[in-house]
Amino acid sequence: MMLAQIFVEQAGLTGDARSAFHPELEAALRQMVEAGAASWPAIEIAPADFVRFLARQLPPELREPKRLVSLQIRDLYLVCAVGLGHRTALSWIESNQMSEVQRTLGKLGTPPALIADVVQSLYSRLLERQNAHPEVPVLRRGFSGQGELTGWLCTCAVHEATRRYKRAKQEISFDEASGAIWGTQGRSPEQTMLSGQLKEAFQLAFRDAVNALTSRERNLLRYHYLSDLSIDQIGTLYHVHRATAARWVAQARERLTSDTRKRFLQRVPTREGSLPQVMELIRSQLTVNLAMLLQQSAARDLPPEGSTSEE
C-alpha cells in the first residue's frame with residue numbers, strides 16, 4: 001500500500017478531501033520517513049507506522065505536502081518512537097527535553113514535588129493522541145512539529161504548573177460530578193439516600209481520598225483510565241516490568257475506593273443492615289465512573305484549543 005493511501009485513510013479524509021491529494025503527498029511522506037530514519041539511526045520505525053502517526057497527530061492545516069516537509073521531522077520521529085515503546089527515544093527525551101523542562105520550572109520557583117508531577121504528566125501529553133481511539137475526539141492538540149519539541153514541552157509545562165497551582169489541589173468539582181455518579185433512573189433506596197442527605201458526606205470523603213493519593217497514583221489512574229495507555233506503555237514510562245505497572249494501577253484504584261469508604265463511614269453513622277449495600281454501591285459507582293471523573297478532573301486543566309505552545 002502506498003504511504004499516501006495509508007495517510008488519507010488514517011486521517012479520515014473522504015470525498016473531495018481525499019481526491020485533493022496527489023503524487024506530491026507520496027513524495028513528501030517518503031521524504032519525511034527518510035529524514036526521520038536518518039536523524040535517528042538507532043531507532044527503527046516501519047514507514048507505515050510513522051505515516052499513521054503523522055495522520056493522527058497533525059491537524060488538518062498541516063496535511064498539505066508543502067507543509068509536511070517544513071515540519072520538525074526529527075522531533076516528530078522521536079515522539080512517534082516514544083509511543084511505540086522505543087527505550088532509546090524515551091531515554092533521549094528524559095536526558096534532554098525533560099531536563100530542560102525541569103530547569104525552566106525551577107527558574108520560576110516551582111516546588112520540586114510539583115515539577116516531578118508536571119514532568120510525568122507531559123509523557124501522557126506526548127502519547128495521548130497516539131493512543132486515542134480513532135472514533136474518539138481528542139480534547140487538545142499534541143506536538144505537531146511546528147516548533148522544536150523542547151520549546152513545546154517547556155510551554156506545556158509552564159501552563160500545566162500554573163493551572164495546578166491555581167487549582168490549589170482541588171481535583172474535581174463534586175457538584176458537577178454528583179449527578180453523573182448517581183443517576184436519576186431506577187434508584188434503589190441506598191441510591192436515594194446517597195443522593196440526598198448523605199451526598200455531601202460522600203463528596204467530602206471522595207475529595208479527601210483523591211487528595212490523599214500520591215501524584216504517581218493520580219497519574220497512573222489518568223494514564224490507564226483516561227489516556228487509555230496499556231499496561232505495557234505505563235511500564236515503559238516508569239521503567240518497570242508490566243506486572244509491576246499492573247500492580248501499581250490496581251493498588252491506586254483500590255486505595256481510592258477503600259479510602260473513600262473509610263472516610264465516608266467516619267462521617268456517617270450507618271445502620272448495620274444497610275452498610276453492605278451502601279458500601280457496594282460506592283464501589284460499583286466508582287468502578288463505572290472512574291474514567292469519567294478523571295476526565296472531568298483533567299478537562300478543567302486543559303487550555304482552549306490552539307492556545308498552547310506552538311499552536
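The values are calculated or read from the model by the stated rules, or taken from the named source; none is laboratory data. Everything quoted here is computed from the prediction, not taken from an experiment. Reconstructed Cβ throughout: ideal geometry from the backbone, glycine too, with neighbour counts over all protein chains shown.
Scanning region 92-122 for residues that are farther than 23 Å from ARG218 by Cα and touching a Cys at 6+ places or on another chain (Cβ under 8 Å) yields GLU100, THR104.
Output the residue which, of all residues in region 51-92 that are in a helix (DSSP H, G or I), in contact with a Ser or Thr (Cβ under 9 Å, 6 or more places away or on another chain) and surrounded by fewer than 18 Cβ atoms within 10 Å (Cβ to Cβ), is modelled with the highest pLDDT. This residue is ARG74.
Filtered by the rule that a residue be of a type in the set (S, T, N, Q) and at pLDDT 80 or above, region 9-31 gives GLN10, GLN31. Please tell me if ALA212 is over 26 Å from the mean Cα position of the chain (by Cα), over 21 Å from LEU127 (Cβ atoms), at pLDDT 70 or above and surrounded by fewer than 19 Cβ atoms within 10 Å (Cβ to Cβ). Here the answer is no, as ALA212 does not meet what is asked. Of a type outside the set (A, V, I, L, M, F, W, C) and over 27 Å from GLY235 (Cβ atoms): which single residue out of GLU44, GLU64, GLU94, GLU100 fits that description? The unique qualifying residue is GLU64. Applying a threshold of 7 Å to beta carbon distances and a minimum spacing of six or more residues, or different chains, the list of pairs starting in region 195-214 at a residue that is more than 15 Å from THR257 (Cβ to Cβ) and ending at one that is at pLDDT 75 or above and among the aromatic types (Phe, Trp, Tyr) reads ALA201/PHE264. With respect to being under 16 Å from ALA35 (Cβ atoms) and polar (S, T, N, Q), SER91 falls outside the description. Of all residues in region 215-248, those satisfying the criterion of being assigned to a helix (DSSP H, G or I), of a type outside the set (Ser, Thr, Tyr), under 17 Å from GLN120 (Cβ atoms) and touching a residue at least 40 places away in the same chain (Cβ under 8 Å) are ARG216, ARG218, ASN219, LEU221, ARG222, LEU226, GLN233, LEU237.
For every residue, the table says whether it meets (1) at negative phi; (2) at pLDDT 80 or above; (3) touching a Ser or Thr at 6+ places or on another chain (Cβ under 7 Å).
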site	(1), (2), (3)
PRO112	yes, yes, no
ASN131	yes, no, yes
PRO137	yes, no, no
LEU149	yes, yes, no
ALA157	yes, yes, yes
LYS166	yes, no, no
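Taken together, ILE45, ILE115 contain a single residue that is part of a loop (DSSP other than H, G, I, E, B), of a type in the set (A, V, I, L, M, F, W, C) and in contact with a helix residue (DSSP H, G or I) (Cβ under 9 Å, 6 or more places away or on another chain), which is ILE45.
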